[in-house]
Structures are given as structure tokens and as C-alpha cells.
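K.L.:
Below is one structure. I have some questions about it.
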Amino acid sequence: MAVTVGASRLDLGALRRLPAEARPLVRPGSVAAGVLHLGIGAFHRAHQAVYTEQAIGLAGGDWGIVGVAPRNAELVRTLAAQDNLFSVSTLSAADQHTRVVGALAGVRLAAADPPAVVALLADPAIRVVTLTVTEKAYQLDPAGGTLRPDPALVADLTTDRPPATVPGLLVRGLLARAAADAGPIALVSCDNLPANGRRLRGLVTQALAYAGAPEPAIEWVGTQVGFPGTMVDRIVPASTPETLAAARRALGVEDLAAVAAEPYAHWVIEDDFPGGRPAWDRAGAVLCADAGPWERLKLRALNGVHSATAYLGALAGCETIADALALPHLAAVLRRLIADDVAASFTPPEGVDVVDYGEQVLARFGNPAIRHRTLQVAMDGSQKLPQRILHTIADLRAAGRSARWAALVVAAWIRFAQGTADDGRPLPLDDPLAERIRAALAAAPQTPTGAVHAVFALAEVVPPEVAADDEVRADVVAWLTDLHRHGVPPTLAGAA
Ligand code: CS2
């Protein structure tokens, strides 16, 4: 990555030279750790870290964050060299605000020292564990939530070697905490899984059983650990050299851990924190008894529409989500998807109109300053499609309705997985099930019907009621046929 030679680096010493509005809200290093976060990627730094810093600034509390990167050694080195400081630039068409966040109390690389992370999980000072590790790290089958441990997780659960996976770290940490009776704790999934609190509880329960954990430890987890569900929302693309350049312009120093995000942020959290929590409500988060309706709204009306834009956009050769949204007729088709299918598939939170929410989402996607790559959103489709689109389809069909627009998204994903864009350029299938998907598509008759049958047979992705639905299958085949024959723009023009 290009670094301006001679530009000084963001660290504690640089703080007093920063413009006043760019300085952290809390004095870095002054707050003891109370939160352990797994997965300190861009999303965490621009979302939970920002909320937590504001909460500490407004209400105090020992809620500094120890940030754990499962594998990214470079990020940990970078943050350590910057005294755990990083900046968040909020970007819109009109302006940019950049501020350094002082909420990180430390950083650790799990891969380098797993026992240190296990010890933190068993430390009485740590009362909240938040996670942004992406869908696939949970090792649950995306359609139903059954644990599918890979060999590394099997080793974590059945041997004494230092844990190498996220579920392995959690289980070892909880067992150590139970043994030390180190006090109650909440494990908070901030990933876009369906019913993420219940899924994380299910993961821990299944993993403890797999590990043959002793009954008292299982009971301890049952009574001392909260698994609040959450809805997390902020568009935060992977950082690029432009992100770092924007931070440098605003700060006057080099920040190699800089992130950029849209202005919008939202966080709905179920208030189940047996060991206490930061005053996130003071920072604008919504604490409630059931985040389910917000979570469904966001997964279906934002993430589902995001995936639709990403696959159709990538097939049409668009680099960013904002470019894709500008394709003729795409916004019109997305509006049909939102109004006819998503809105009819579930009961939204009280007072929310799904169509209005969808308009706001489309405006956010159009933010020209956020150069969110279609290929980034297109990644890991097998882990995302169930909660984003396939559950929408299942609910519509259970209510006796058609799911025609949602079927287009499935067809676009299949066409994307087939590996070539409309202009013949190759598209990368970056997905934990890539091998299986490719093999299934290669073994099937090379027709749209053959491809749809092959993909619908992936039982860990496609819920059985959707796989068995002939009308849905026919809709997906019809869209896939159009996408193959005509490409994206004419398909959209014919549909809108
Ligand atoms: C996106 C999300 O990459 C993706 O799959 O749909 O990361 C999205 O940007 C966030 O969930 C927005 O809150």
C-alpha cells in the first residue's frame, strides 16, 4: 500500500497536532477493558467501536475494547504501532468528517496466542463479547443453523491443542470462565445471520455437546451467559488506498488502519446483559426485548437488495454498488422487489413502512462517495442468500403468494456462480462452498433448468420448502434463461 514517505504516523504523540474535531471522545488508554471484540475489521471499527466510545464518553464505565483479529497479523501490527488508534471518515456526496476513535484498549492476534484470548474470555473484567467475524466463521449450515465443523473446529473441540477457530475460542473461553466461576457475560453476534442471538446460542450449545463438555459447565453457560440478538447497520466498504488518502488529508498524519463509512448508522440490541453493558443507548442504539422484526427488515430490505444489486451489477460489468444502481431499470426492479416481495413477506417493526425504508436504502446505496465494490457484497453468497432472499421466498410462498422478484435474485446469484459476466469476463466465486457449487454446476446438464436443479439440491443453503416448490423453480429458470439469452440490461428492461 502506498505510504507518503516522511508523513508522520497516527499515534498518541500525534493526537495534540490533530484538528480539534478529529480528536477522540475519550482519552485513549484511560478506560479499562470490559468488552472483548472478535473480528476488528472495517465494520467493527466504524460501528460498535464508535458507539462504544460515545457511550463511554457520555456515561463512563470500564468498557474499553480489547480487539481480537482471528488471523490478520498486519492489522494487529498496524494498530499496535498506532497505540490502538484509528480514524473513521464519514463520507457523503457533500462532505467528509474524520475522527480518531479512542475506544480500543488493546489488540491481540488470536492465531499468534490463542491462550491469551481464552484467558481474556475467562477474565472477570470482561463482561461483554461482541463478534463481527462474517457468516461463514460460525460454521453453521446457513439454511438451518446446524453445526458443520470443519477439521480445524473438530480439532478445537476434541483435542487440547490451542484453538484455531472462532467457535473453538469461544467454547474454550467459556469452559475456562465456568471453571473459574468468573461471572456472567454476554456474547453478542453483530453479524448478518438470521436471529443472530439464537444462532450464536445454538452454536455454543452444539459445540459444547460436540466437545463432550461436563454437565456443570453446560449448566453454567445456560444460566450465566446472555446471547442478545442484534440488528447492526452501517455501510462500511473495505478500506482502499483512497480511504487512507482521505484520512491523511483530514488528519495531517498517516493512518494505516483508517476506515470510511456512510453517515447512516443503526443498532438495535436485545437487552440481555447479565454482566452489564456500555450505555450504548446513550449513543443512539435502541435497546429492546426483541430485535427480530428489525433484523428481518434489515436482512431482507437492505442486505437482500444489496445482494441483488451486487450480482446484477457485477454481471453487467459495474465495479461499485452506486454504479450498478445507475444501470437503466435496475432501481425500478429493486423497487418491485421491495414493494411486491420483501414488504409482503413479514411484519415490520411497529411504525415502519417497508417501502419508505427501501427508498432510504436505495438512496444510501447511491452514495457516490462510498465506493463499495459489487464483488465485495457478492462474496459468500451461499452464507448470505438464505436470510437475505430465500427466507423471503419461503414466507411469501407459505402465504400463498408469488415470489417472482426474489426469484430474479436467486437466478442472478446462480448466473454469477457460473463464473462469467455478460461481456464474457471471468467473475470470482469467493465462497466457502465454491468447490461444491462449481462441482454441482459442472455435473448438471448445461441448461438453465440443469443449473437451477443443481443449486436447489444444496440442502445446507436452500430450505427444503423452497427446494420443493415447482413454481419458484420455474421462476428462477425463466429469469436465468433471460439472463443467459439477453444479459442484464435487456432482462431488466423487459421486466420493469
Ligand atoms: C453487505 C453488508 O457485504 C455485504 O454483504 O450487504 O456488509 C452491508 O453493507 C451491511 O450489512 C450494512 O449494514
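K.L.:
Provide a single number: the residues in the stretch 89-119 that are under 30 Å from residue 22 (Cβ atoms) and of a type outside the set (Lys, Arg).
P.N.:
Counting residues in the stretch 89-119 that are under 30 Å from residue 22 (Cβ atoms) and of a type outside the set (Lys, Arg) gives 19.
K.L.:
I've got another one for you. Condition test on residue 311, is it outside any helix (DSSP H, G or I), of a type outside the set (A, V, I, L, M) and within 15 Å of the ligand (Cβ to nearest atom)? Walk me through it before giving the result.
P.N.:
Numbers: outside any helix (DSSP H, G or I): no; of a type outside the set (A, V, I, L, M): yes; within 15 Å of the ligand (Cβ to nearest atom): yes.
No; evaluated as a whole, the condition is false for this residue.
K.L.:
Which of the residues spanning the stretch 214-233 are among the small types (Gly, Ala, Ser) and either within 16 Å of the ligand (Cβ to nearest atom) or under 19 Å from residue 199 (Cα atoms) (or both)?
P.N.:
Once the filter is applied, which keeps residues that are among the small types (Gly, Ala, Ser) and either within 16 Å of the ligand (Cβ to nearest atom) or under 19 Å from residue 199 (Cα atoms) (or both), the stretch 214-233 yields 222, 226, 229.
K.L.:
Still on this structure, please answer the following. Scan the stretch 264-274 residue by residue and report those that are more than 11 Å from residue 88 (Cβ to Cβ) and either within 13 Å of the ligand (Cβ to nearest atom) or touching a Ser or Thr at 6+ places or on another chain (Cβ under 8 Å) (or both).
P.N.:
Answer for the stretch 264-274, where residues must be more than 11 Å from residue 88 (Cβ to Cβ) and either within 13 Å of the ligand (Cβ to nearest atom) or touching a Ser or Thr at 6+ places or on another chain (Cβ under 8 Å) (or both): 264, 266, 267, 268, 269, 270.
K.L.:
Looking at (1) part of a helix (DSSP H, G or I); (2) surrounded by fewer than 20 Cβ atoms within 10 Å (Cβ to Cβ), which is the one condition that is false for residue 164?
P.N.:
(1) is the only condition that residue 164 fails.
K.L.:
Counting only residues that are among the β-branched types (Val, Ile, Thr) and either crowded, with 21+ Cβ neighbours inside 10 Å or in contact with a strand residue (DSSP E or B) (Cβ under 9 Å, 6 or more places away or on another chain) (or both), give me the helices (runs of 4 or more DSSP H) lying completely in the stretch 335-432 with at least 3 of them.
P.N.:
Once the helices (runs of 4 or more DSSP H) in the stretch 335-432 are filtered for at least 3 residues that are among the β-branched types (Val, Ile, Thr) and either crowded, with 21+ Cβ neighbours inside 10 Å or in contact with a strand residue (DSSP E or B) (Cβ under 9 Å, 6 or more places away or on another chain) (or both), what remains is 404-417.
K.L.:
Residue by residue through the stretch 213-245, note down the ones that are over 30 Å from residue 276 (Cα atoms) and surrounded by fewer than 20 Cβ atoms within 10 Å (Cβ to Cβ).
P.N.:
Answer for the stretch 213-245, where residues must be over 30 Å from residue 276 (Cα atoms) and surrounded by fewer than 20 Cβ atoms within 10 Å (Cβ to Cβ): 238, 240, 241, 242, 245.
K.L.:
May I pose another question? What are the residues in the stretch 352-374 that are within 12 Å of the ligand (Cβ to nearest atom) and farther than 16 Å from residue 333 by Cβ, if any?
P.N.:
Listed by number, the residues that qualify are 364, 367, 370, 372, 373.
K.L.:
Could you check how many residues of the stretch 234-263 are within 16 Å of the ligand (Cβ to nearest atom), in a strand (DSSP E or B) and either more than 20 Å from residue 54 (Cα to Cα) or more than 18 Å from the chain's Cα centre (by Cα) (or both)?
P.N.:
Selection size over the stretch 234-263: 0.
K.L.:
Output the number of residues of the stretch 99-147 satisfying the condition of being under 23 Å from residue 51 (Cα atoms) and at pLDDT below 95.
P.N.:
Number satisfying all stated conditions: 0.
K.L.:
If you don't mind, another one. Would you check if residue 331 is away from the ligand (no atom under 15 Å from the Cβ) and closer than 15 Å to residue 367 by Cβ? Explain how you work it out, then say what you get.
P.N.:
Numbers: away from the ligand (no atom under 15 Å from the Cβ): yes; closer than 15 Å to residue 367 by Cβ: yes.
So residue 331 passes the test.
K.L.:
Has the stretch 415-426 got any residue that is of a type outside the set (Phe, Trp, Tyr), within 16 Å of the ligand (Cβ to nearest atom) and at pLDDT 95 or above?
P.N.:
Scanning the stretch 415-426 turns up at least one residue that is of a type outside the set (Phe, Trp, Tyr), within 16 Å of the ligand (Cβ to nearest atom) and at pLDDT 95 or above.
K.L.:
I've got another one for you. Can you run down the residue pairs with Cβ atoms below 8 Å, 6 or more apart or on separate chains, where the first is in the stretch 35-47 and among the charged types (D, E, K, R) and the partner is assigned to a strand (DSSP E or B) and more than 16 Å from the ligand (Cβ to nearest atom)?
P.N.:
45/86; 45/101
K.L.:
Scan the stretch 177-190 and give yes if some residue there is buried (at least 20 other Cβ atoms within 10 Å of the Cβ), of a type in the set (Lys, Arg) and within 18 Å of residue 138 (Cα to Cα), otherwise no.
P.N.:
No, the stretch 177-190 contains no residue that is buried (at least 20 other Cβ atoms within 10 Å of the Cβ), of a type in the set (Lys, Arg) and within 18 Å of residue 138 (Cα to Cα).
K.L.:
Scan the stretch 268-295 and report the pairs whose first residue is without any contact (Cβ under 8 Å) to a residue 24 or more places away in the chain and whose second residue is in a loop (DSSP other than H, G, I, E, B), with Cβ atoms within less than 8 Å and a gap of 6+ or a chain change.
P.N.:
Listed by first residue and then by second, the contacts come to 287/271; 288/271; 289/271.
K.L.:
Okay, next question. Kindly provide the set of residues from the stretch 392-436 that are more than 21 Å from the chain's Cα centre (by Cα), within 23 Å of residue 376 (Cα to Cα) and hydroxyl-bearing (Ser, Thr, Tyr), ordered by number.
P.N.:
420
K.L.:
A follow-up question, please. Search the stretch 46-68 for residues being under 18 Å from the mean Cα position of the chain (by Cα) and hydrophobic (A, V, I, L, M, F, W, C), and hand back the single one that is nearest to residue 282 (Cα to Cα).
P.N.:
50
K.L.:
Return the residues of the stretch 286-300 that are within 16 Å of the ligand (Cβ to nearest atom) and either part of a loop (DSSP other than H, G, I, E, B) or polar (S, T, N, Q) (or both); say none if nothing qualifies.
P.N.:
Once the filter is applied, which keeps residues that are within 16 Å of the ligand (Cβ to nearest atom) and either part of a loop (DSSP other than H, G, I, E, B) or polar (S, T, N, Q) (or both), the stretch 286-300 yields only 291.
The values are calculated or read from the model by the stated rules, or taken from the named source; none is laboratory data. Remember, it's a predicted structure, so these values are computed and weren't measured experimentally. Don't worry about glycine lacking a Cβ; one is built from the backbone with ideal geometry, like all the others, and counts go over all protein chains shown.
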